[in-house]
Structure formats: structure tokens, C-alpha cells
Amino acid sequence: MTRIIAPVAALVAALFIGGIWWATQGGGEQTGFAQCNATQIAGDGNQIGGPFELVNAEGETVTDQDVITEPTLIYFGYTFCPDVCPLDTARNAEAVDVLAERGMSVTPVFITVDPERDTPELVGDFAFNLHEKMIGLTGTLEQTDAASKAYRTYYKAHDKSDEFYLVDHSTFTYLVLPEHGFVEFFRRDVSAEAMADRVGCFVENV
């Protein structure tokens, strides 16, 4: 399996984890979601997340307020990703289905970190093929970079002279609530069932 995060990228990603921990330590108690925090590093959204402006599959410019209208799982990746992104987003889609069976509606969102190749049509097809509710978003390099920075994600493209270049990137999934902003993130080793359990806790305690 192709490794998406190279050693240097992994080190940088580790620094981002540290930043997330620093920004969100103890936030769960402040927002009333302490009982839902499995990692003790979920926060109240003051340091992670925020406004963004991107382009959807129809080529329309949308904002975070247009997209995050219910509990939302946000993932940053790219459609040419050979293994990690499809697995992670499929896990997210499965968690959304588990939650739907429990009577909870959650929206999965995919935001590209490779806007030069990921057109609105490509991200739209990628998202829809994973789940009919999944929203695929792209934009200009400036727009996608701003969204990535807001969520403190890491990405770095390899040599773009190769049309099949890879992009190193962090692999967190973020849970965002319309009235609270960012409240939790999930690493890729969390199963769909475990993700659904934790997301359900937040939804039930909103």
C-alpha cells in the first residue's frame, strides 16, 4: 500500500496534532460534551474550524453556513489519492449510515487539498460514489488553502511535473455542529461503529 504521509510529513502532522491538543484541551467540559470526549482533546471550536468559501459539484460558490446545516463530518483529501482517502471517506460514509439507522442525520463532506486537478465535477463524482449525501468541495488554491489552515490540516504536493503526483496530507475527520463549530476529530484507526457512537453522543447532547 502506498504510504501517503512520508516521514517528514508525518513529523509535521504530529506537530499539528500537538496544536490541536493545545487548542482544545479541556474544551469538552466548557461546551457540555465532556461525556462524549473519548480522547480528552475535543474542543469548543475556538481554535479549529471557521468560515470558508469553496465551490461545490455544481460549480456554485458556497460558504460554511451553506454546507454545515446539521452535524457534519469533514475530511480533507484528494480524488487521485490511491488508498487512504477512499478508505477514510468510505468509513465516514458507513458511520453516517449507522447513524441514520439510529434516527440521526449527519452530512459527510469531502474537501480537496488538490484543487489544481480536482474540478467541481471530479469532487462531486468522488463524493457521490461514496455516499449520496456526501458533499464534495473544491475551489481556487487560495480558497482550499484557507479552509485547510482553518482546520489546521497539513498537505504538501509532490513534484507536479509528474501528472500522477501524490499529495502528503493529514487524515483527520472533523465533527462540526452548526451551533457549536468544531467539537471533535477522529483518527483513521477509529471504526465506523465507534465513530457513530461518539458522533451520536454529541448529537444527543446538543
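Some notes on this structure:
- Global geometry of the range 84-193, whether rounded, prolate or oblate, following the gyration tensor of its Cα atoms and the 1.5 cut on a/c: prolate
- The mean accessible area for residues of the range 39-175, using a 1.4 Å probe and ignoring ligands and nucleic acids, is 43 Å² per residue.
- In order along the range 82-99, the Karplus-derived 3J(HN,Hα) couplings, from 6.51 cos²θ - 1.76 cosθ + 1.60 at θ = phi - 60°, round to x, 8, 5, 4, x, 5, 5, 5, 5, 4, 4, 4, 5, 4, 4, 5, 4, 5 Hz, and Gly and Pro are given as x.
- The apolar share of the surface of the range 27-174, taken as the fraction of accessible area on carbon and sulfur atoms (1.4 Å probe, ligands and nucleic acids excluded), comes to 49 percent.
- Note that the range 180-187 has calculated 3J(HN,Hα) couplings of 10, x, 5, 10, 6, 10, 10, 7 Hz, one per residue in order, obtained from phi through the Karplus relation 6.51 cos²θ - 1.76 cosθ + 1.60 (θ = phi - 60°); glycine and proline are x.
The values are calculated or read from the model by the stated rules, or taken from the named source; none is laboratory data. The structure presented is a predicted model; accordingly, all values stated were derived computationally and were not measured. For the accessible areas, the whole protein counts, side chains as well, though only heavy atoms, and no ligand, DNA or RNA atoms are used. Shrake-Rupley method; radii C 1.70, N 1.55, O 1.52, S 1.80 Å.
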